[in-house]
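Data block below; observations after.
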Amino acid sequence: MTFKWQISSSENTHCLQLVGDLTRSTLLSLWQQRASLFQNQKSCLEIKLNQLGTVDSAGFVLICEILHHYSKLGEVKLVDVPHLVLDFAELYDLDQWLKAFIQP
């Protein structure tokens with residue numbers, strides 16, 4: 001079980017690509033850095049989830065925390081959201097909140 005993330009930037013957008021299994025046992029390093037990933041918030045942050053494997057409830061909470069924090073600073077979009085994340089959102093009654101971030 002491994003997890004990593006990759007950061008890239010363009011002129012107006014930061015991109016956070018989450019890769020692997022985002023679980024309680026793999027998320028500590030990202031959790032500790034979540035508020036300082038992007039010191040200079042650009043106009044948009046895209047969080048790409050298409051390379052995620054397993055996501056547990058702790059991983060879902062981390063995604064929500066990142067969304068909440070960076071949405072205060074600018075636009076945030078979720079890209080390629082797996083069904084498991086949508087299922088957690090529905091389970092915790094956050095589906096409408098989460099849908100506001102999902103890029104069509």
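All of the numbers you see were taken from the coordinates with simple rules; none came from a lab. This one's a predicted model, so the numbers in the text were calculated from it and none came from an experiment. Positions of Cβ are backbone-derived with ideal geometry, glycine not excepted, and every protein chain shown enters the neighbour counts.
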Completion exercise
Rounded to 0.05, the calculated FRET efficiency for the beta carbons of Leu86 and Val19 at R₀ = 25 Å is 0.85
Practice task
Report Rg(Cα)/(2.2 N^0.38 Å) for the chain, keeping two decimals.
Solution key: 0.99
Problem - Extended-chain gain in nm, criterion 0.36 nm per residue less alpha-carbon gap, Ser36 and Trp97 - result: 19.6 nm
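Among 69-76, 91-98, how do they line up by average Cβ neighbours within 10 Å per residue, starting with the highest? If you can, show how the numbers build up before the last one.
Values: 69-76: 15.2, 91-98: 12.9.
The densest-packed peptide leads the list: 69-76, 91-98.
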Exercise for the section: Treat each spin label as a single point 7 Å out from the Cα along the C-beta direction, and report the Val79 to Val61 distance in nm. Expected result: 2.9 nm
Fill in the blank from the handout: Measuring from its Cα centre, the chain shows a charge dipole (+1 at each Lys and Arg Cβ, -1 at each Asp and Glu Cβ) which, in debye to the nearest 20, is 340 debye
Problem - Lysine pairs within the chain, Cα separation less than 16 Å, 8 or more sequence positions apart or different chains - result: 6
